[in-house]
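Here is the structure we will look at.
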Amino acid sequence: MDSLSSLPIEEIEQVNLGCPKFCKDYICVDLYPKDKWVIKSDVIKFLKTTYNTYKKPIFKQIRAYNLLEHLKNPRLFIYLCYINLKNEGILELKTDNALNPIHYIPNPFHVLTGSHVDEDYHYIFTKAKHTKHYYIFTKLHLRNLLYPYFNIKEMKYTTFFSRIYVLAEKNHSLIPKIKSLHI
């Protein structure tokens, strides 16, 4: 699926960004989809296009698991999530934990262990080698990134301390003064 025009966006108010496989009750968007029902798009472009098309927030929930570390501009991504979420909308994130040494230990078994560094110290992502990592976060980084657009409801370590999960609610006291976004 390559465009917003054929989407039942008014019916599905949840979007799963960076998800290559179809998820029930979600609009799924990924640069390298593995399913024909997933929209093939850069997530930044998708969020800008959605806002420019509908001129108002349309999503109740945005989920982005294992995506944030692959974005060149995570601050822009957070802002675009903010303007695309309805009041009291939920942003759900999961990303690598910078405090876990597994992400830095070089070893030839990186595919099995989840390490993000191969034996030549190349920073890789084992399941999707075509996607580069630009950032790695701690809880403090994520708090600063989400402020002031979101109020954090839950933040915890998952998957044996290798990831950080965040559940945040849109701070609806901020009102964006945007008419349209130039793509």
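A short reminder: the numbers here are calculations on the coordinates, not readings from a lab. Because the structure is a prediction, the values reported are computed rather than measured. Positions of Cβ are backbone-derived with ideal geometry, glycine not excepted, and every protein chain shown enters the neighbour counts.
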Q) Whole number please: convex hull volume per residue of the Cα set in region 20-63, in Å³? A) 74
Q | Taking 46, 160, 22 and counting other C-beta atoms within 10 Å, the order from fewest to most | A | 160, 22, 46
Q.
How would 76, 145 line up from fewest to most surrounding beta-carbon atoms within 10 angstrom?
A. 76, 145
Q.
Neighbour counts of other C-beta atoms within 10 Å: give me 78, 164, 90 arranged from fewest to most.
A. 90, 78, 164
